[in-house]
Amino acid sequence: MRTRRSKIAGTLSLVLALSAACTDPAPEPKPLRTGKPTPYVVELTDVASEVGLEFRHGAFRWDVSPDPGAMLGAGVCWLDYDGDGWLDLYAVNSYANAEAGRWEDEGGLPRNALFHNVEGTFVDVSAGSGADLPVRGNGCVAADFDLDGRIDLYVTTDAAGALLWNEGDGTFTEGAAAAGVEGFGWHQAAAVGDVNGDDLPDLFVTGYVDLNNAVEGATLGFPNTYLGVRDLLFLNEGPAGAGRVTFREVGADAGLEVVGFEYGLGAVFSDLDRDGDADLYVANDTKPNRLYDNVPWPGGADADPAGLGFRFEELAAKAGIADPNAGMGIAEGDFDGDGLPDLFVTNARGQVHAAYRGQASDTVDPSFVDARGELGPSLTGSTGWGVSWGDLDLDTDLDLVIANGDVPVTDVAADAEPVQVFGNLTAQGSAGRFEDLGTVVGMRELGPLLARGSAAADYDNDGDLDVAINSIGGPLVLLESSGAAGNWLEVGLDRFAPGTLVTAILPDGRELVRETLAGSSYLSSEDPRSHFGLGTAGSVNELVVRWPDGLETVIQDVAANQILTVEPPG
């Protein structure tokens, strides 16, 4: 049975949270905006080199080769690894196999990079950190796997996964094999959530292609010319004696890929039916996307032959979100403001991106309606990868950013494509409608990118969202946002708790809902804090934080333009 804290208890939480928030480093608060905010006056400017993000992806540095592992690129992860209140950045690297010898001659293989955020500027702390892996990397996810208060990293590659334990002194120790999450084979996306309700974070990784097993007589192109690799679900079993936590792989027992192995590229854990558990949505390349609804095993764990106590029921077709195109990245958010989760999936090679609006249904839960024809702008003509919902102009609704780049890669420059930015018109009275703002916000000046992983975050703690983008063979991009006209609120949690729902109730009664995710977009992790644009509202009447165990922290009368840290009920 769920409990809701009283107003008195909520007030106490406010005092505690504000006390914690006062220690969060942030620029001087901006004055409240009281006039009607003008939408879409924001500007996105690449400041990566100015703030110390000197990183270049290593693939195709000298020449392009037919190397699919290098062509699919890599992600980025925002994380506060040292707990100082400023988000640090982890960038995954790779290289083409044909160029490995040249790299060795030039001083060594390309390595992943860790950048420490020092009040809005970055210092490369990769060397000696243990996080600078020389791998053909793909994805990363930031998560506190052992719940020790320090954020760890999991990295996917074309060979095996790497688990980087945060030692708390600025260094990381690789321990995938000992933890049981090595996951041999080419895996791409990684996402974290508590799938069995034991308060321990579990790990899911998508399997992609087995390049050692070609499909004879294949009539479709890559990746269908090769067998797929199995998706993996690692169940966290807690500490092994006095050691770190260990995991066991239970994907098949839980009901993943019961028909055959597909080609997974994107994944997100989200409570899509709002029943309090972690559901799973997977974007597959050239295969239908999958929705795994998390349901209790009849009779509980004791009646379950595998002892899990839950199973995943595949519902994508019934729910209306089994898009069959070449799915890449996934964004989850409530873009039309009705309180229900919506989904966006980027697709490849000019296929129409998939946009789904959550809806109430008497026949299937969760349920979605295809919204591609309703949004307004064209959702075709590019190959999309990273994708983020975020209120760029702080007018209360979620805008959309898509990182694009052609595949297969034949020419690094010629295959680059513009980053797309779509402005949401919900706050202007057109619910769920968008307009193309790329040229308005500065994407023409940025120029095209051969982009792959991307992730949104407020890196400088100034209240607006910025976007980091990793690209094939190119420099890291950090799009800093400026000029937004609205007020804002950011809500952090004092512990790692993916699946937490944060609802901000505005003075006019509108409810803005955000869910804490660990792993989304394409191969990336975004800002772990819930970000709200508030428009002209100078405060939030009520902030409701529903933790994964169903308990709620309720805070009254929260002032705008601050970063707030919230604790669960004591």
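The values are calculated or read from the model by the stated rules, or taken from the named source; none is laboratory data. Please read all numbers here as calculations on a predicted model, not as lab measurements. Cβ sites come from the backbone with ideal geometry, for glycine too, and all protein chains shown count toward neighbours. With ligands, DNA and RNA removed, areas are computed over all heavy atoms of the protein, side chains included. Shrake-Rupley method; radii C 1.70, N 1.55, O 1.52, S 1.80 Å.
The residues on offer are ASN196, ASN236, ASN213, and the sole one that is touching a strand residue (DSSP E or B) at 6+ places or on another chain (Cβ under 8 Å), open to solvent by 10 Å² or more (accessible area, probe 1.4 Å), under 21 Å from ARG311 (Cβ atoms) and not charged (D, E, K, R) is ASN196. Filtering region 364-408 to residues that are more than 27 Å from ASP275 (Cβ to Cβ), of a type in the set (D, E, K, R) and touching a Ser or Thr at 6+ places or on another chain (Cβ under 7 Å) leaves only ASP406. Pull up region 433-453, narrow it to residues that are assigned to a loop (DSSP other than H, G, I, E, B) and touching a Leu at 6+ places or on another chain (Cβ under 7 Å), then point me to the one that is least open to solvent (accessible area, probe 1.4 Å). It comes out as GLY442. Selection of region 273-290 for residues being open to solvent by less than 10 Å² (accessible area, probe 1.4 Å) and either of a type in the set (A, V, I, L, M) or at pLDDT below 95 (or both) yields LEU280, VAL282, ALA283.
One line per residue, one yes/no per condition, for (1) without any contact (Cβ under 8 Å) to a residue 60 or more places away in the chain; (2) on the phi > 0 side of the Ramachandran plot:
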| position | (1), (2) |
| --- | --- |
| TYR208 | no, no |
| GLY251 | yes, no |
| GLY255 | yes, yes |
| SER270 | no, no |
| ASP279 | no, no |
| PRO288 | yes, no |
| LEU291 | no, no |
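Remark: pairs (first residue in region 174-186, aromatic (Phe, Trp, Tyr); second residue in a loop (DSSP other than H, G, I, E, B); Cβ separation under 8 Å; 6+ apart in sequence or on different chains) = PHE184/ALA159; PHE184/ALA160; TRP186/ASP158; TRP186/ALA159; TRP186/TYR208; TRP186/VAL229. Among the residues making up region 85-131, those that are over 17 Å from the mean Cα position of the chain (by Cα), among the charged types (D, E, K, R) and within 25 Å of ASP46 (Cβ to Cβ) are ARG111, GLU119, ASP124.
Summed over region 239-251, the residues that are touching a strand residue (DSSP E or B) at 6+ places or on another chain (Cβ under 9 Å) and either at pLDDT 95 or above or not charged (D, E, K, R) (or both) give a count of 9.
If you check ASP397 against the conditions, is it touching a strand residue (DSSP E or B) at 6+ places or on another chain (Cβ under 9 Å) and farther than 27 Å from TYR459 by Cβ? No, not satisfied. Consider region 307-320 and keep the residues that are open to solvent by less than 30 Å² (accessible area, probe 1.4 Å) and aliphatic (A, V, I, L, M). The one that is farthest from LEU233 (Cα to Cα) is ALA319.
Condition check ((1) within 28 Å of GLN351 (Cα to Cα); (2) surrounded by 17 or more Cβ atoms within 10 Å (Cβ to Cβ)) across all residues:
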| site | (1), (2) |
| --- | --- |
| PHE204 | yes, yes |
| THR219 | yes, no |
| GLY260 | yes, no |
| VAL268 | yes, yes |
| ASP293 | yes, yes |
| ASP302 | no, no |
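Only residues that are open to solvent by 30 Å² or more (accessible area, probe 1.4 Å), without any contact (Cβ under 8 Å) to a residue 40 or more places away in the chain and among the aliphatic types (A, V, I, L, M) were counted across region 51-108, and they come to 1. Summed over region 470-494, the residues that are buried (at least 20 other Cβ atoms within 10 Å of the Cβ) and in contact with a Ser or Thr (Cβ under 8 Å, 6 or more places away or on another chain) give a count of 10. Every condition in (1) surrounded by fewer than 23 Cβ atoms within 10 Å (Cβ to Cβ); (2) within 15 Å of VAL387 (Cβ to Cβ) holds for ASP323 except the one numbered (1). Every test in (1) outside any strand (DSSP E or B); (2) in contact with a strand residue (DSSP E or B) (Cβ under 8 Å, 6 or more places away or on another chain); (3) surrounded by fewer than 24 Cβ atoms within 10 Å (Cβ to Cβ) is passed by ALA497 save one, and that test is (2).
Restricting ASP132, ASP158, ASP169 to those that are in contact with a Leu (Cβ under 9 Å, 6 or more places away or on another chain) and either open to solvent by less than 30 Å² (accessible area, probe 1.4 Å) or within 22 Å of LEU53 (Cα to Cα) (or both) reduces the list to ASP132.
Just one of the listed residues (THR396, THR383, THR346) is within 22 Å of the chain's Cα centre (by Cα), at positive phi and among the β-branched types (Val, Ile, Thr), namely THR396.
Here MET328 fulfils each of the conditions (1) at pLDDT 95 or above; (2) open to solvent by 40 Å² or more (accessible area, probe 1.4 Å) apart from (2).
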